[in-house]
Every structure is written in C-alpha cells, then in structure tokens.
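Since the structure comes first, as structure tokens, the remarks are kept for the end.
The values are calculated or read from the model by the stated rules, or taken from the named source; none is laboratory data. These numbers were taken from a predicted model, which means no experiment stands behind them. Heads up, the Cβs are rebuilt from the backbone with ideal geometry, glycines too, and the neighbour counts pull from every protein chain shown.
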Amino acid sequence: MKTETSQTQTPGSALTRRSGGARIERLFRLWTLATGLLVLAILALILFSTTREAWPVLRDMGFRFVTDATWDPNPSSGGAVFGALSFIYGTAVSSAIALLIGVPIAIGIGLFLTELAPRWLRGPAVTTVDLLASVPSVVFGLWGVLVVAPALVPVYRWFNHVFGGIPGLGSLFGSPVGTGRNFMTAGIILAIMVTPIITSISREVLSTVPQANRDAAFALGATRWEMIRGAVFPHSFAGLVGATMLGLGRAMGETIAVALVIGGATSITPNIFAGGNSMAAIIVQQFGESTGTFTAALIGLGVVLFAMTVVVNLAARVVVRRAEARMQGAAT
Amino acid sequence: MNRNLLSRLVIVGAALAGLVLAGCGGNNGGSSSSATSGGSGLASLSGDLKASGASFPDAYYQEVISQFKSTAPNVTVTYNSVGSGTGKKEFGQGLDDFAGSDSLVKPDDGPAPGSFLYVPTVAAPITVSYNLSGVDKLQLSPDTLAKIFSTSIKKWNDQAIAADNPGVSLPDKNITVAHRSDGSGTTNNFTKYLVAAAPTAWKLGSGDTVAWPASTQGGDKNTGVAQIVEQADGAIGYVDLSDASELKLTFASIKNKDGQFVAPTLEGAAAAIEGAEVKDDLTYNPLNAAGAAVYPITSPTYILIKNKYDDPKKAELVKGFVRYLLTDGQAVAKDVNFAALPSSLQQKALAQLDKIAT
C-alpha cells in the first residue's frame, strides 16, 4: 500500500503531506522492529544470566532442587541442602487464595460497572479502584502485619473451631499461628493488591461486547444474568483470562507485602492458617547475608519463579484457545 | 465529559484531604545530644567514613556517631545496619572503610585473610523474650531452651518447663517460636550457644541461617522478632537487649554453666566477657562462659578494620573514630543497653589500632 506523493501534488490529507514518505516509513519499521527485539533480548539476557549464576547449585541438586522440601544452608553435618519445594508451595498457595478471592470480586466490579451502574457512578468508581492500584506494596505489607494479621486471629480460631473437626476439609482449617501471619493472610492481602489490575482490564474487555449481542439475548427472553452468561462471557472470556493471568503474575512475584505477612516458616502443610514462605519472600529475606553457593541457590529460586510464570501463562493460552473453540463454536 | 473530570478530581481531592488530616496528628521531635568529652586531635580531623554491618550493635554505633559529631564536627561517619554478612562482603569489596560484624570472617565471606584486624567494641546479652499472660518470671535451662526452639516441646505447661519453674502455674497454651527470617549474626551466636550448652537436645546446627522447624515464625531483623513476641500471646523468641527493652518485653532467666539462673543484664554480660578466653586476634567467645554471675547468651561484636589503608588521611580518620569509640564512646554503652569492654580487653583493642600500617 505505497502512497508516495511528492510535496507539490494535489492537496491530499494532512496525514500524508508532511510525513516525509518512504524514509519515515522505513525508520518507523526499523524502530518497531528494534524495540520488539530489545524486549526479547532483555528477556533472554535475564534468563541466561540468572541460570548461569545459579548453575552450580542447579547442577549439583538436579531435579531435587524443585522436589526437595528441605532448605538448610548451614546443617550441623553434611553439605548444604537447597530444596525449593516449600517455597514453590507457598507461592502457589498464596497466589491461589488471592485469585480465589480476587477474581470473583474483580469481575463482579467489572460487570457492575458495565452492566448495572448508573452512568454518573462509573467515573468515580473507576477512579477509586485505580487509586487502590497505586498504593505501594510495602504499605499493604505494613498494614497487613500491623492491622490485618492480629485482627484476623480470632476469625481463624473460629474457623478452626467450627470446621477443624470435619475429616478431609478440616485439615485446611487447622490450628492458626498466634501472630496471624500465614498463607491465608498473605492471600487476602494479595487479593486486595491484584483486584484493581484485574478489574481495570476486565472492565475494558467487558465493555467491548457489542450491544447487538446483548440485545439479541434480551430479545430471546433472557434475564440479565442469563444474558451475561450467554452473550458477555463467551465474547470476553479470552480477555478475562488474560486479566487474571496478569493478576496472577503480580501475585506470584509480590515480594515485600508477602514477606511481611506470610510468617517466614519453611513448611508444606494443607493448613492455610499455618505460616509459610514464598519464593520471592525468601529471596529478599536471605539474600543480604548469603554468600557463594547460598546466593547461587537463591538466584536459582528466581529462575524457578520465572519458569513457573512462563508455564502458567502458556497453560492459560491453551485454556483460552480450547474455551474459545467451545464457546464460539456453540454460539454459531 | 466535564462532570466526569470533576467527579474524578473530587475523589482525588478527598483522598488527599484524608491523608493530610491523618498526617497532621503526628509531629516529629528530634533530639541532639551534646557531649563535652573531647580529644584534642579529633576536632582537626575532616572527611567521610563509610561503614556497614551488623544490626545488633547498631543502636550503640549510632549513639557514638552522634556524640563523635560534636567532638569532630568536620567528620561524617555513616554506619548502615545491613547485617553482618552484607557488611563483611562490602568491606571485602573495598566499599567500606570499616565494617561491623557479630560473626567471625569465614573464607568466602569477602575480606581476604590477613588483610583485616578484629577490634572488639561492645557486647550485649541476647535475651530470650517471651509473652505469656500471667507468667512474669520464667527460668529456663539450656536443654529446655533447645527443645522449645526445635519444637520438641509444644506447650507451655510441658513437664520440662514446669521442672525449671517450681511453683509457677503455667497455662495450657501453644508455644509460638519466633526466629530471624534473614541471615543474622544474632542467630549465629544464639545457635552456637545452644550447640555448646545443649548438644544432645539441639540438632539443628548453628549459622547465620538454620533450618527452623515448620511451625515456627520468622521476623525480619531483631525488631521483627521482637514484634512477633509482643503481638502473639504464647510467643518466645531471641532478641537483643536493646530492641527487647524498647518494646518492654519480659525476659527469661537462663541457667548458666555454673548452674545459676541469671537474667539478661549488663552485669551478667560483663561477667561473661571477663570469663571468656581472648585469642591472639582478639576474638573471644563469651557464650556459655564459666562464672556464677555470667549470663550465658552474651554476644560479642567486632569492628573489622583494614591493616593497611591506601590513603593515610583515611587511616587517621579510622584510628580517630575507633579510638574515640573505645575510650569516651564506651561511656554511652550502658545507656543503650550494651556492656562496655573490661579495661584489659579495651587496652588490647586500642593496641590493634597501632597495627594499622601507614
């Protein structure tokens, strides 16, 4: 689509008259190519340099690095053991709780803003949710450890008292730690932190649903919820999953807030009221005093976290593709 | 459009107004101490000294630095409390003029062997602080202490604790063990004590980080552990005397090598330093020292100085500051809950300064 016009030609649109033609076009292509490659290069560089730093430990521990639950840099006998399983578990559990709490709330806010809210409320509501996103994470961490954790201890005790005895489910609601710093509190704080991100993207996605689809559902006699389920969700499913993945990325990588409220204990337990630790948190806690192999092991944790994020994103893509086929297929 | 913009401005304005109102309540007060002691040569010194290291003696070093400022107003000394490990690393890389460390330098810590000197500065008790409503006096023997911290003992009314505390009624509560989540010289000294005093009961080794059992809680720095103990009923943790006193925690008395239960006081710490054997490089180990009045969990702390400074002016500054710290500076130690060195050790420490090659 080459539109080469010289400056003396007919007065075309102002768009093409002053653009300089082919030279600018070439520069533009070069610039976009360069920036795209730069992003890929940075990603590759991060992956390469961290794996290289962590290589001694990854090579020595092999697969045991991700399957062993013991993390002992200074054992009383024998060599240091670096097993990341407890931290992988901690990251997974706190992120899962965050999504379980945060996604329904975020999508709920998004639906409210696009479907139910009166026009005058939309602006202020959007601003308020965005304000929540701009609070620094360390503030959330401080608030969590000083206010939320102590306040939730009686709540956890109640849950333990009521549900603790049920076989199976009861192991989830075990005895709570005295300080209230545990997986559940970390999950709650993370939920508050990821909700604004998921909300703002969901809202955008939900608002792109064509009014025609909505009207068609209503014309068939659907209630509002049926309309949402039949016309809004299939259209915006990919976007909603994308928003959730973005939120999950933040939850998995969140460092300071989690380090303050998760309890600092290396443990794998189904009890969500017990303390634990996450990969990002242990890195920030122990990096300062680490030397040699210990530092390499912590960098190895970073590599594992990176890999986990990539795997989760890829899995999300597969889910979206399958669901799209099903939903769009059913719609036509 | 206008209404939308206006409503957003109103929200932001309301948020800011809320912040201002909340902030107006607090006011900050600063205090500057004036010291009248003066070394004659110090006032003529000028320059910068950078240092970093252990958080354990931070309160003491900051106090000495502010006193030193009035004696030598042209010298700026900065001490960053980042932890012994980072301090040693930075000192080894040449980023610091001196470093603070609670633990000795190991081969891969940073500073090259033979390139530095140890200068003992102060010592302080590591308290075993606890929070148990209704119990304001607690005695613990090393074996019981080891079992509590390795979670073999899970409840406060356990046999072993009751045996150490005849006549005290202990509640049936879970013990919440608090420890450091970051690598720490305080953990190092506390676990070294347990290895020395309770070798059969303590199996987790010693070091800046150990593999604490799963049901414990980790806090960041001494203040983090102190906070956990303060907040949770039934918590117990090891905190340096300075931070524990600040939060007014209750301390347990520990049974020393001679069989006496001693509380973490400065006198107990001083007795521990006296009872410790001092090696040639001036490192000494007051943990589990012998003596009736000894508090057995006393942690030494050192300053690492280079034995050769490239810049003679820098060497003068370091000598001036460290000499001040070891002479006039020792007087402020007890104000911030640290035990000053006994005079024999103080003399040896001053002699270290003369070993700096110029």
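Taking the stretch A:49-88 only, how many residues are β-branched (Val, Ile, Thr) and within 12 Å of chain B (Cβ to nearest Cβ)?
2
Kindly list the number of the only condition in (1) within 14 Å of another protein chain (Cβ to nearest Cβ); (2) not in a loop (DSSP other than H, G, I, E, B) that fails for residue A:243.
(1)
Restricting the stretch B:262-281 to residues that are among the β-branched types (Val, Ile, Thr) and crowded, with 20+ Cβ neighbours inside 10 Å, which is farthest from residue B:165 (Cα to Cα)?
Only one residue fits best here, namely B:273.
Any idea which residue in the stretch B:157-176 is nearest to residue A:175 (Cα to Cα), counting only those that are aliphatic (A, V, I, L, M) and more than 14 Å from chain A (Cβ to nearest Cβ)?
Within the stretch B:157-176, the subset aliphatic (A, V, I, L, M) is B:160-163, B:168, B:170, B:175.
Filter once more, so that each one left must be more than 14 Å from chain A (Cβ to nearest Cβ): B:160-163, B:168, B:170.
Values: B:160: 23, B:161: 22, B:162: 24, B:163: 27, B:168: 27, B:170: 20 Å.
It comes out as B:170.
Of the residues that sit in the stretch B:317-346 and are basic (Lys, Arg) and more than 22 Å from residue B:126 (Cα to Cα), which one is farthest from the chain's Cα centre (by Cα)? Step through it out loud before you land on a result.
Filtering the stretch B:317-346 down to residues basic (Lys, Arg) leaves B:319, B:323, B:334.
If we keep only those that are more than 22 Å from residue B:126 (Cα to Cα) as well, we get B:319, B:323.
On the way: B:319: 23, B:323: 21 Å.
Among those residues, the one meeting the criterion is B:319.
Residue B:203 - would you say it is farther than 29 Å from residue A:142 by Cα and more than 9 Å from every other protein chain (Cβ to nearest Cβ)?
Working: farther than 29 Å from residue A:142 by Cα: yes; more than 9 Å from every other protein chain (Cβ to nearest Cβ): no.
So residue B:203 fails the test.
For residue B:155, are the conditions met, namely being touching a helix residue (DSSP H, G or I) at 6+ places or on another chain (Cβ under 9 Å), under 24 Å from residue A:266 (Cβ atoms), surrounded by fewer than 16 Cβ atoms within 10 Å (Cβ to Cβ) and in contact (Cβ under 8 Å) with a residue 12 or more places away in the chain?
The answer is yes for residue B:155.
State all residues of the stretch B:77-134 that are of a type in the set (A, V, I, L, M) and more than 12 Å from chain A (Cβ to nearest Cβ); if no residue qualifies, say none.
B:77, B:95, B:99, B:104, B:112, B:117, B:119, B:122, B:123, B:124, B:126, B:128
Where in the stretch A:255-332 are the helices (runs of 4 or more DSSP H), entirely inside, with at least 3 residues that are loosely packed, with under 14 Cβ neighbours inside 10 Å and modelled with pLDDT of 85 or more? It would help to see each step written out before you state the result.
Values: elements: A:256-261, A:279-286, A:292-331.
Hits in the stretch A:255-332: A:292-331.
Residues checked against (1) buried (at least 18 other Cβ atoms within 10 Å of the Cβ); (2) of a type in the set (A, V, I, L, M); (3) closer than 13 Å to residue A:109 by Cβ:
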{"site": "A:203", "(1), (2), (3)": "yes, no, yes"}
{"site": "A:210", "(1), (2), (3)": "no, no, no"}
{"site": "A:215", "(1), (2), (3)": "no, no, no"}
{"site": "A:220", "(1), (2), (3)": "no, yes, no"}
{"site": "A:228", "(1), (2), (3)": "yes, yes, no"}
{"site": "A:235", "(1), (2), (3)": "yes, no, no"}
{"site": "A:240", "(1), (2), (3)": "yes, yes, yes"}
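Just for the stretch B:217-231: of the residues that are within 7 Å of chain A (Cβ to nearest Cβ) and in contact with a helix residue (DSSP H, G or I) (Cβ under 8 Å, 6 or more places away or on another chain), which one is farthest from residue B:161 (Cα to Cα)?
From the stretch B:217-231, those within 7 Å of chain A (Cβ to nearest Cβ) are B:217-220, B:228, B:231; that's our starting set.
Next, from what is left, pick out any that are in contact with a helix residue (DSSP H, G or I) (Cβ under 8 Å, 6 or more places away or on another chain): B:217-220, B:231.
Values: B:217: 21, B:218: 23, B:219: 25, B:220: 28, B:231: 22 Å.
Per the criteria, the residue is B:220.
Residues of the stretch B:74-93 being modelled with pLDDT under 90 and not in a helix (DSSP H, G or I), which ones?
Answer for the stretch B:74-93, where residues must be modelled with pLDDT under 90 and not in a helix (DSSP H, G or I): B:81, B:82, B:83.
Run down B:234, B:259, B:268 and say which single residue is within 28 Å of residue B:175 (Cα to Cα) and within 14 Å of chain A (Cβ to nearest Cβ). Walk me through it before giving the result.
Working: B:259 fails: within 14 Å of chain A (Cβ to nearest Cβ); B:268 fails: within 14 Å of chain A (Cβ to nearest Cβ).
After ruling out the rest, the residue left standing is B:234.
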